[in-house]
Ligand code: PMV
């Protein structure tokens, strides 16, 4: 196979947003619903450059799962009749790695998009989901698919494993504020630890999370942010009973609610990573960000969600 080189084949580009799980993490692995949304304050950007030699992944960012990305890139190239070689992928992301903000999903999607641009491939939305999910399975062990779905969504969505997501229309704009504890979390280990919990404890926690997920959906649809915040608090407590919170995450949730957030919970796999909280407007969101930083968050992000 002859490999075109620049300048006849300039580098091609792909990008994808991070994500926030509002509610339903862990339970979603076991078939319960989750609610999630893209976090476009952060993104992954991948450049694909066709060049002789092996398939290579380059990145300056620590914590990028390059082995998972090689699996994704190999699957893309073989699927569309190319050799799994002759391309260098350069990965840049301002999504903190191992923080529960969808870094592995976003980099996987960006890899597929960059290769599609470099090789002029037509990748359907279903194929994009399936191919990016290969990176997720490598990172999570038993990924539900919620991260890839959320990163690709156009707004807040309800997701059940194996089904297309449904959009949740909001009544009015709202703000999500994310605080990063700075403690890396490991999804694979957290999912495995939950699976080892006694069945009764796990089922009781999942049922409470499922009820809170239903509540959150109803309250978001009705524009009742106060009650939506209560659903977040309930889910955080249920996740804590599964051993997924930490003193740092509890402190951040408390700081957010004391500063005026309607509710707060850990987001993603837990045992580290981030919390997410909910406010109605920008001044409140800024106050919560300040409080999160004072309480130890190493970084914060806020995202305005619109109806
Ligand atoms: O990798 P994280 O932190 O975004 O967690 C993903 C959510 C889980 O429910 C814990 C795993 C999954 O695949 O759904």
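Scanning segment 71-106 for residues that are closer than 13 Å to residue 139 by Cβ and surrounded by fewer than 20 Cβ atoms within 10 Å (Cβ to Cβ) turns up 71, 97.
Can you confirm whether segment 133-142 contains a residue that is without any contact (Cβ under 8 Å) to a residue 12 or more places away in the chain and within 14 Å of the ligand (Cβ to nearest atom)? Within segment 133-142 (the criterion being without any contact (Cβ under 8 Å) to a residue 12 or more places away in the chain and within 14 Å of the ligand (Cβ to nearest atom)), the answer is yes, since at least one residue qualifies. Would segment 232-245 turn up any residue that is assigned to a helix (DSSP H, G or I) and within 23 Å of residue 139 (Cβ to Cβ)? Within segment 232-245, one or more residues are assigned to a helix (DSSP H, G or I) and within 23 Å of residue 139 (Cβ to Cβ).
Output the residue which, of all residues in segment 146-156 that are more than 18 Å from residue 113 (Cβ to Cβ) and crowded, with 22+ Cβ neighbours inside 10 Å, is farthest from the ligand (Cβ to nearest atom).
156
The set of residues in segment 171-206 that are under 30 Å from residue 40 (Cα atoms), more than 11 Å from the ligand (Cβ to nearest atom) and surrounded by fewer than 21 Cβ atoms within 10 Å (Cβ to Cβ) comprises 171, 172, 173, 182, 183. Regarding residue 98, is this residue out of contact with any helix residue (DSSP H, G or I) (no Cβ under 7 Å at 6 or more places or on another chain), at pLDDT below 95 and not in a loop (DSSP other than H, G, I, E, B)? In short, no.
Just one of the listed residues (3, 64) is within 15 Å of the ligand (Cβ to nearest atom), modelled with pLDDT under 95 and outside any strand (DSSP E or B), namely 64.
Looking across segment 96-130 at every residue that is within 15 Å of the ligand (Cβ to nearest atom) and within 16 Å of residue 153 (Cβ to Cβ), the one that is farthest from the chain's Cα centre (by Cα) is identified as 129. Among the residues making up segment 246-262, those that are assigned to a helix (DSSP H, G or I) and surrounded by fewer than 24 Cβ atoms within 10 Å (Cβ to Cβ) are 247, 248, 250, 251, 254, 255, 257, 258. Scanning segment 264-284 for residues that are buried (at least 24 other Cβ atoms within 10 Å of the Cβ) and either more than 16 Å from the ligand (Cβ to nearest atom) or at pLDDT below 95 (or both) turns up 264, 277, 278, 279.
Scan segment 157-170 for residues that are touching a strand residue (DSSP E or B) at 6+ places or on another chain (Cβ under 7 Å) and either without any contact (Cβ under 8 Å) to a residue 40 or more places away in the chain or more than 10 Å from the ligand (Cβ to nearest atom) (or both) and the total you get is 7.
For segment 11-28, enumerate the residues that are more than 30 Å from residue 122 (Cα to Cα) and within 8 Å of the ligand (Cβ to nearest atom).
Of everything in segment 11-28, those that are more than 30 Å from residue 122 (Cα to Cα) and within 8 Å of the ligand (Cβ to nearest atom) turn out to be 24, 25, 26, 27, 28.
Please state which one of 36, 48, 41 is in a strand (DSSP E or B), more than 14 Å from the ligand (Cβ to nearest atom) and either under 17 Å from the mean Cα position of the chain (by Cα) or over 16 Å from residue 108 (Cβ atoms) (or both).
One residue alone meets the criteria, 41.
The values are calculated or read from the model by the stated rules, or taken from the named source; none is laboratory data. Note that the structure is a prediction, hence the values are computed from the model and not measured. Methodologically, a virtual Cβ is constructed for each residue, glycine included, from the backbone with ideal geometry; neighbour enumeration extends over all protein chains shown.
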